[in-house]
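Heads up, the thing below is written out as structure tokens.
The values are calculated or read from the model by the stated rules, or taken from the named source; none is laboratory data. These numbers were taken from a predicted model, which means no experiment stands behind them. Heads up, the Cβs are rebuilt from the backbone with ideal geometry, glycines too, and the neighbour counts pull from every protein chain shown. Areas reflect the complete protein model, heavy atoms only, side chains present, ligands, DNA and RNA absent. Shrake-Rupley method; radii C 1.70, N 1.55, O 1.52, S 1.80 Å.
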Amino acid sequence: MTGRVAIRQLWPDPAPTPLDDRDLAALYGRPERPTLRMNFVASADGAVELDGHSEGLSREPDKRVFGLLRMLCDALLVGAGTLREEGYRAVRLDPARRAWRREHGLAEYPTLVVISRSLRLDPASAAFADAPTRPVVLTHAGAEPPPGLEAVADVLYHGTDQVDLAAGLAELRRRGHRQLLCEGGPQLFGSLTAADLVDELCLTVAPLLAGPGAGRITAGPPAPPRAMALRHVLVADGALLLRYTRP
């Protein structure tokens, strides 16, 4: 734990002893059934970003859990807008996390899955060109891939003029990606919620007030509410790390 901010569990089993990475990996785990896990950070007053990026809300403990969740997943989902706006690079893990994955029978790196309606993607960007594992792009039949995209990624077409998320996720699971982690953005979160595909939400509440202007972690047309059950509450450096799952 040297040089790190301590992460402690508040609920359901309060413990004064800080959690190390092995404890956190066991706490979040890999559910036995196929699961779509969302991971977001928000300010205490509900903002999804500062100055247009989520980075300003994130601190060391949140980034540690962020990395651990990537270690635990089979595939990492992200919307094309978030890929561009947050400057995503190739999805890589440090040696210790790659070793953990090998020990648990997983590929060394999770597969990046980009969800895009317009296919406004740059095949030369680092997220594609430097990827250690061939990425996947999920789109619809009416989209036209830019030159070079199919050389660096598997492009899956589901839906006629909108991405059929349920069919796309089913295809990912047929490919062996049972545990899916989604890092946003809000429009994708809203669409996945509307399609009743979200199984879990990992939410960090940052200890600051962002003020008016920023959106929420979810966006899009109204959808029926979905009940979730709180599984644990962690605290670190004034932030709360919450985990909710389907009841």
Query raised in the report: Is it the case that some residue within region 182-202 is in contact (Cβ under 8 Å) with a residue 12 or more places away in the chain, open to solvent by 20 Å² or more (accessible area, probe 1.4 Å) and assigned to a strand (DSSP E or B)?
Result: yes
Of the listed residues (117, 102), the one being open to solvent by 20 Å² or more (accessible area, probe 1.4 Å) and assigned to a loop (DSSP other than H, G, I, E, B) is 117
Just one listed residue, out of 166, 131, is without any contact (Cβ under 8 Å) to a residue 60 or more places away in the chain and assigned to a helix (DSSP H, G or I), and it is 166
Selection from region 223-247 of residues open to solvent by less than 50 Å² (accessible area, probe 1.4 Å) and more than 18 Å from residue 43 (Cβ to Cβ) yields 223, 229, 232, 243, 245
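When you scan region 143-163, do you find a residue that is closer than 20 Å to residue 68 by Cα, in contact with a Phe, Trp or Tyr (Cβ under 7 Å, 6 or more places away or on another chain) and assigned to a loop (DSSP other than H, G, I, E, B), even just one?
no
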Of (1) of a type in the set (A, V, I, L, M); (2) under 16 Å from residue 35 (Cβ atoms); (3) surrounded by fewer than 20 Cβ atoms within 10 Å (Cβ to Cβ), residue 172 fails just (3)
Open item on the list: When you scan region 83-91, do you find a residue that is within 27 Å of residue 237 (Cα to Cα), modelled with pLDDT of 95 or more, within 15 Å of the chain's Cα centre (by Cα) and not aliphatic (A, V, I, L, M), even just one?
Closed with: yes
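On the given criteria, is residue 50 closer than 22 Å to residue 164 by Cα and over 18 Å from the mean Cα position of the chain (by Cα)?
So residue 50 does not fit the description; no.
Got a number for residues in region 72-93 being closer than 20 Å to residue 27 by Cα and either touching a Pro at 6+ places or on another chain (Cβ under 8 Å) or without any contact (Cβ under 8 Å) to a residue 40 or more places away in the chain (or both)?
5
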